[in-house]
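**Student:** Just passing along the structure, written as structure tokens.
All of the numbers you see were taken from the coordinates with simple rules; none came from a lab. A quick note: this is a predicted structure, and the numbers were derived from the prediction, not measured. All Cβ positions, glycine included, derive from the backbone under ideal geometry; neighbour counts span all protein chains shown.
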Amino acid sequence: MGLYFPQFDKLVLMPTLTKLSPEIPDSAVGRLLTAETLWHESDGLYNLAQVPWNGPGTGLCMYEEPTFMWIARAWLPEKKPALWQKFKDIAVSWPEIAFEEVIWNLQLAVALCRVRYFVVKDPLPSLDDGIQARARYWGEHYQTQNDPWKISQYIKHAQAIPWGSAVGMV
């Protein structure tokens, strides 16, 4: 049994993304791409680590330790100190955010997922570009392999998100 998506959206995803603003603009496509990525990576907000080996990817965002070290320990403090300061309100293990925290800290998983897209120089696809464009963007910039089968799985999973009464999501 995973997390109930409408509650996750309202109580974790939206407040976390709002906290990251204005350093990371809170946009509909940013929210959607983050939600789809978390849903896909965690198999419907169900897994906290890659199965069956419990890793190397962990947390709803399925971060691997090298990615975590690059973003949370190097890129954020050096390149975006104002955004790094916002992590003070998110990470319990501040200022040396522990990799293990991404497993149980839902806000940290959301923030790291969104920051992973933020470091990319390519602009986010527009909402009008549709789910295929977001899946390709995920494949290129989050998964780092534009594997057609993995992209098709992303699309399949994203289309299955039970949005409930969440406003503005398609």
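**Student:** Kindly indicate which of Ile161, Ile103, Ile131, Ile155 is under 19 Å from Glu65 (Cβ atoms) and β-branched (Val, Ile, Thr). Spell out the reasoning first.
**Tutor:** On the way: Ile161 fails: under 19 Å from Glu65 (Cβ atoms); Ile131 fails: under 19 Å from Glu65 (Cβ atoms); Ile155 fails: under 19 Å from Glu65 (Cβ atoms).
After applying the criteria, what remains is Ile103.
**Student:** Can you tell me which of (1) on the phi > 0 side of the Ramachandran plot; (2) surrounded by fewer than 14 Cβ atoms within 10 Å (Cβ to Cβ) is the one Ser21 doesn't meet?
**Tutor:** That leaves (1) as the condition not met.
**Student:** Could you please find all residues in segment 110-159 being closer than 22 Å to Gly57 by Cα and not in a helix (DSSP H, G or I)?
**Tutor:** Val119, Val120, Tyr142, Gln143, Thr144, Gln145, Asn146, Asp147, listed by residue number.
**Student:** Output the number of residues of segment 107-123 satisfying the condition of being surrounded by 20 or more Cβ atoms within 10 Å (Cβ to Cβ), within 15 Å of Glu36 (Cα to Cα) and of a type outside the set (D, E, K, R).
**Tutor:** Of the residues in that region, 6 qualify.
**Student:** For Asp43, are the conditions met, namely being under 26 Å from Ile161 (Cα atoms) and not small (Gly, Ala, Ser)?
**Tutor:** On the way: under 26 Å from Ile161 (Cα atoms): yes; not small (Gly, Ala, Ser): yes.
Against the criterion (under 26 Å from Ile161 (Cα atoms) and not small (Gly, Ala, Ser)), Asp43 qualifies.
**Student:** Return yes when Gly59 is in contact with a His (Cβ under 8 Å, 6 or more places away or on another chain) and either acidic (Asp, Glu) or in contact (Cβ under 8 Å) with a residue 12 or more places away in the chain (or both) and no when it is not. Let's see the steps before the verdict.
**Tutor:** Working: in contact with a His (Cβ under 8 Å, 6 or more places away or on another chain): no; either acidic (Asp, Glu) or in contact (Cβ under 8 Å) with a residue 12 or more places away in the chain (or both): yes.
No; evaluated as a whole, the condition is false for this residue.
**Student:** Evaluate the following for Val110: is it touching a residue at least 24 places away in the same chain (Cβ under 8 Å), of a type outside the set (Ser, Thr, Tyr) and in contact with a Gly (Cβ under 6 Å, 6 or more places away or on another chain)?
**Tutor:** Values: touching a residue at least 24 places away in the same chain (Cβ under 8 Å): yes; of a type outside the set (Ser, Thr, Tyr): yes; in contact with a Gly (Cβ under 6 Å, 6 or more places away or on another chain): no.
In short, no.
**Student:** Can you tell me which residues in segment 64-78 are touching a residue at least 12 places away in the same chain (Cβ under 8 Å) and over 20 Å from Trp104 (Cα atoms)?
**Tutor:** Hits for segment 64-78 are Trp75, Leu76.
**Student:** Oh, and also: Might you check whether a residue that is without any contact (Cβ under 8 Å) to a residue 60 or more places away in the chain, within 22 Å of Ser27 (Cα to Cα) and aromatic (Phe, Trp, Tyr) occurs anywhere in segment 118-131?
**Tutor:** No.
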